[in-house]
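**Student:** Pasting a structure below so you can have a look.
The values are calculated or read from the model by the stated rules, or taken from the named source; none is laboratory data. These figures come from a predicted structure and were not determined experimentally. Glycine gets a Cβ as well: all are built from the backbone with ideal geometry, and neighbour counts include every protein chain shown. Accessible surface is based on the protein model in full, side chains and every heavy atom, while ligands, DNA and RNA are left aside. Shrake-Rupley method; radii C 1.70, N 1.55, O 1.52, S 1.80 Å.
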Amino acid sequence: MINNHEHATGPAPHHQHDDATRNYYDTGDVDVFYDAVWGGEDIHVGIYADGHEAIAHASHRTVEHAADKAADLLGPHATALDLGSGYGGSARALAERFGCRVAALDLSERHNQRHRATNAQRGLDGLIEVTTGSLNDLPYEAERFDLAWSLEVLCHVTDREGALGEAVRVLKPGGALVFSDIMLAEGTPAEAVRPAFSRLGIENPATPAFYLDRLSELGLSDIDFEDRTADLTTHYARLDEEIHRRAAELRDVISPAYLDELLTNLPLWADITRRGLLRWGLFHARRPAA
């Protein structure tokens, strides 16, 4: 069932923001950036073994580390939901590691076409179902999934409280919610980071306290936040370093305007992470068993 949040007066604000997010990601420049610099598979903040590690390796470590938090629930019998599945790296990692079925949902049909094609190439299309849709209108019945999962997607969502409610609605009793997000440090005003976030169209990032409070209000148990903000600082330092080191090469594959925007914007991210204005980490909670 899809919850309908629209009103007769026009689309709800989250639908308008969904359009903006979709328009940002549905561009060739963004695809090339994620392929060339991020590795094109796991486009998430990385967990770094050291300050010089390849971004793609660190990003995949995040996926593995997040999966460890729900490993007791996963296996060929289980079904997971990947919310904001991007190019499909997380969905494939879960399917390959646990043999579970994965429902993967993303706003971008461009991403989803690429996701489906890669799944077929790797023989995983029988385990992964890819759907185009919004986190605020999940097209799934209640209590379907053993795991609901999302990595750095909720920052793009206007109605985060509604999206979390939808994720909990489709969790089985005893199921796990695992997600990460890029957040404001408590007490940091949104305007202090807005120049960096503007490239992504994000106006008001959440805080760890916001998520912890919402998870409690939703009745979840065993709520945990693993603060890994140091990895966020390393991640944006590595992105900034890679973009500047490879700028001449990237000008052959990325439009000059988009590359110049990255060269201007990524130092802002490196700066606000060094200054401690942001937080990043992994949330884990369980829906109480019936």
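**Student:** Taking the Cα atoms only, what angle lies between the long axis of helix 208-217 and the longest principal axis of the chain, rounded to 10 degrees?
**Tutor:** Between helix and principal axis, roughly 10 degrees.
**Student:** Net charge around Ser59, counting only other residues with Cβ within less than 14 Å of its Cβ (Lys, Arg = +1; Asp, Glu = -1)?
**Tutor:** Value of the local net charge: -4.
**Student:** Which percent of the accessible area of the chain is formed by carbon and sulfur heavy atoms (probe 1.4 angstrom)?
**Tutor:** Details: 5940 of 11700 Å².
For the chain, the apolar C and S fraction of the accessible surface comes to 51 percent.
**Student:** A further question follows. Suppose all protein chains stay in the model; what accessible area per residue would a 1.4 Å probe give for the chain, in Å²? Intermediate results must be reported in sequence, preceding the final value.
**Tutor:** Details: 11700 Å² over 290 residues.
So the chain comes to 40 Å² accessible per residue, rounded to a whole number.
**Student:** Run the helix sum for the chain: -39,500 (n - 2.57) per DSSP H stretch of 4+ residues, divided by residue count, reported at 222 nm to the nearest 500 deg cm²/dmol. Walk me through the numbers on the way to the answer.
**Tutor:** On the way: 11 runs with 120 residues, N = 290.
Result for the chain, helices only: -12500 deg cm²/dmol.
**Student:** While we're here: Accessible surface of Arg245 in the full protein assembly, 1.4 angstrom probe, to the nearest 10 Å²?
**Tutor:** For Arg245, the solvent-accessible surface is approximately 150 Å².
**Student:** If you compute Cα extents along the principal axes in Å for the structure shown, which of [x] 61, 49, 29; [y] 53, 49, 39; [z] 55, 45, 44 do you land on?
**Tutor:** [z]
**Student:** What order do you get for 41-53, 180-192 when each peptide is scored by the mean count of other beta carbon atoms within 10 Å, highest first? Don't skip to the end; give the middle numbers.
**Tutor:** Numbers: 41-53: 18.8, 180-192: 16.6.
Ranking the peptides 41-53, 180-192 by packing returns 41-53, 180-192.
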